[in-house]
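Here is the structure we will look at, set down as structure tokens.
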Amino acid sequence: VLTFHLEMSFFDVWYEVGQNLFSDSNSKYCHLLFISSPYVGCLGDTQFCFRFRRSPGRKVSLCCFLDQLDRDLPVYLKKDPAYYYGYVYFRQVRDKSLKRGYFQKSLVLISKLPYVHLFRTVLKQIAPEYFEKSEAFLEAVCSDVDRWPPPIPGEILHLPIMGIIMKLRIPTYRDKPGTTQIVQNMHQICIPSGYVKCIKISQSVFRCFCPVFFHIQMLWELVLLGEPLVVMAPSPSESSETVLALVSCISPLKYCSDFRPYFTIHDSEFKEYTTRTQAPPSVILGVTNPFFAKTLQHWPHIIRIGDIKLPGDVPKQVKVKKLKNLKTLDSKPGVYTSYKPYLNKDEEIVKQLQKGVQQKRPTEAQSVILRRYFLELTESFIIPLERYVASLMPLQKCISPWKSPPQLRHFSQDEFMKTLEKAGPQLTSGLKGDWIGLYRHFLKSPNFDGWFRSRQKEMTQKLEALHLEALCNENLVFWSQKHTEVEAVDLVLKLKNKLLQADREHLPVKTDTLKKLQAHIHDIILALPDDLQDILLKTGTT
């Protein structure tokens, strides 16, 4: 937890839960958090989030445990070991007793977990009361958080916080895509310490895309291809919400480039991301400072949004504008780009959303429609790639217990392109356009590189698991008796290393298979002379 007092021109860093991230109040991270307060014209309470790089070499105490939980999460909730998230609750009210004329204060929660709406709810619950009280209140909050159970995906979690119980379920990758499982029948659970507050992880994507929903398909392409993209918004909350909505629109595909929900001139990467000496990097930036309208004019794709309106307002259709027309932050809302989409525009989804606005359909329902649209579009795009990559897997008959696991076949772009004629996205999507061109562009993007590396790792681990099963199905004791003692000892050591690898890399191996392999090792050792038995039974795996 971090707070600062703007009116006193210094930071008051107060830390309790987990690991201390800040060495002193003048660290670059504290300065970043100071700058991350909203613009001066924002009165009242504001919530937003930002993202920043972790210092290299810093160890994280819960990293291994969180890595295990990551396996069961959908891609949009997986943590990135190189980044932290900052969740901010900022208050600015007029106060004539202060020199600046304003009371300005933020409560900031730092976490490796991208659970935006969980931490937003936590801050909304504790920040208003904290502003009226002292640090003793935060001590009580931290004491409650210390009692929280591990964030295990799929389980119903009860999180005590200052006299209430927050109840949520973190989604898993096995959940049916396009749906959000919210715990129902809250009245059936009686918790004497307070009332139950049911929260969910997903966000209202329609509210974020509403100002530009005529161009959602083009924006999906830009995010899919990892194109440099800037969101210019009137406030940090609108900036951060829109950037997070963009990143999530290609789910279940993971966005593998950097993204900054709220980016300022004091971020460590400011010079790196704004230099004109090289092409803009693959990153999505959310900004509010008018300075960026000039600094980022050379970026190829810019989204300018006005105030996000309430449901019921019918947005006007805004044409794609040329970049040269974007001169100041006062420019009209719209998408400024010279990008020509590969796919033909899907008029049906636009009409469906427009009709929902006119009929005052709830924002949550509109978001469900939009998420399902993005999901089906992404799956139609990724299924041909999944099908082709699966064909790179060696046949199971090629796996021999007495040889190293076979290697995956090399990914051939030309070979993949040939498969699209009969097994392309036309099987699941009615959209027409230059799908081939879209795939060629995607194969050069960071998102393809990240996706393919992940699939490579999964399939390599599957081969290792199949190799273990092949070993277990052999009569290893009989084999060892027909070979020299040196060869038998070598086999024992290799099998022990296999068990270590299975545990270290979390290979998809059945528990019975591991037990059977352990039994094989034990039987082989017992068949050896006593002196070797003593050594091998005492020797750990190396």
- When you look at Pro128, is it closer than 30 Å to Tyr273 by Cα and either open to solvent by less than 30 Å² (accessible area, probe 1.4 Å) or at pLDDT 70 or above (or both), yes or no? no
- Query: Among the strands (runs of 3 or more DSSP E) contained in the range 218-337, which hold 1 or more residues that are within 23 Å of Phe48 (Cβ to Cβ), open to solvent by less than 10 Å² (accessible area, probe 1.4 Å) and at pLDDT below 90?
  - Reply: 334-337
- Task: Filter the range 408-424 for residues that are within 29 Å of the chain's Cα centre (by Cα) and among the small types (Gly, Ala, Ser) and give the result.
- Result: Ser412, Gly424
- Message: So His441 ticks every box in (1) farther than 30 Å from Leu517 by Cβ; (2) in a loop (DSSP other than H, G, I, E, B); (3) not basic (Lys, Arg) but one. Which box is left unticked?
- Response: (2)
- Note on the structure: For the range 205-219, pairs from a residue that is touching a residue at least 60 places away in the same chain (Cβ under 8 Å) and at negative phi to a residue that is hydroxyl-bearing (Ser, Thr, Tyr) and buried (at least 23 other Cβ atoms within 10 Å of the Cβ), with Cβ under 6 Å and 6 or more apart or across chains, are Cys208/Thr242
- Which numbered condition Leu370 misses (of (1) buried (at least 20 other Cβ atoms within 10 Å of the Cβ); (2) under 20 Å from the mean Cα position of the chain (by Cα); (3) modelled with pLDDT of 95 or more): (3)
- Message: Could you tell me how many of the residues in the range 357-380 are touching a Phe, Trp or Tyr at 6+ places or on another chain (Cβ under 8 Å) and either among the aromatic types (Phe, Trp, Tyr) or free of Cβ contacts under 8 Å to residues at least 12 places away in the same chain (or both)?
- Response: 1
- By residue number, the members of the range 425-481 that are of a type in the set (A, V, I, L, M) and more than 26 Å from Asp503 (Cβ to Cβ) are Leu427, Leu431, Ile436, Leu438, Leu443
- Item | Residue in the range 95-109 that is least open to solvent (accessible area, probe 1.4 Å), counting only those that are of a type in the set (D, E, K, R) and either within 37 Å of the chain's Cα centre (by Cα) or closer than 15 Å to Glu132 by Cα (or both) | Lys105
- Task: Please find, among Val350, Val389, Val357, Val368, the residue that is of a type outside the set (Ser, Thr, Tyr) and within 30 Å of Lys418 (Cα to Cα).
- Result: Val389
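From the list Phe416, Phe442, exactly one residue is under 25 Å from Phe214 (Cα atoms) and either of a type in the set (Phe, Trp, Tyr) or exposed (fewer than 14 other Cβ atoms within 10 Å of the Cβ) (or both). Which is it?
Phe442
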- Is it true that Glu364 is of a type in the set (Asp, Glu), under 23 Å from Ser429 (Cα atoms) and surrounded by fewer than 18 Cβ atoms within 10 Å (Cβ to Cβ)? no
- Of the residues in the range 338-360, how many are over 23 Å from Leu225 (Cβ atoms), buried (at least 18 other Cβ atoms within 10 Å of the Cβ) and not hydrophobic (A, V, I, L, M, F, W, C)? 1
- Message: Under 9 Å between Cβ atoms, which residue pairs at least 6 apart in sequence (or on different chains) link something in the range 110-129 that is closer than 20 Å to Arg91 by Cβ with a partner that is open to solvent by 20 Å² or more (accessible area, probe 1.4 Å) and part of a helix (DSSP H, G or I)?
- Response: Ile110/Tyr29; Val116/Glu241; Val116/Leu244; Val122/Val145
- Query: Regarding Thr378, is this residue among the hydroxyl-bearing types (Ser, Thr, Tyr) and modelled with pLDDT of 95 or more?
  - Reply: yes
- Item | Looking only at the range 392-407, and only at residues there that are out of contact with any helix residue (DSSP H, G or I) (no Cβ under 6 Å at 6 or more places or on another chain) and assigned to a loop (DSSP other than H, G, I, E, B), the one that is least open to solvent (accessible area, probe 1.4 Å) | Leu392
- Query: Looking at the range 69-94, which of its residues are open to solvent by 50 Å² or more (accessible area, probe 1.4 Å) and over 20 Å from Leu168 (Cβ atoms)?
  - Reply: Pro81, Val93, Arg94
- Message: It is to be established whether one or more residues within the range 88-102 are part of a helix (DSSP H, G or I) and under 26 Å from Asp258 (Cβ atoms).
- Response: no
- Only one of Tyr76, Tyr39, Tyr85 that is of a type in the set (Ser, Thr, Tyr), at pLDDT below 85 and within 20 Å of Val122 (Cβ to Cβ): Tyr76
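The values are calculated or read from the model by the stated rules, or taken from the named source; none is laboratory data. Since we're looking at a predicted model, the values are computed, not measured. With ideal geometry, Cβ positions are generated from the backbone for all residues, glycine too; neighbour counts draw on all protein chains shown. Just the protein is used for accessible areas: all its heavy atoms, side chains included, with ligands, DNA and RNA removed. Shrake-Rupley method; radii C 1.70, N 1.55, O 1.52, S 1.80 Å.
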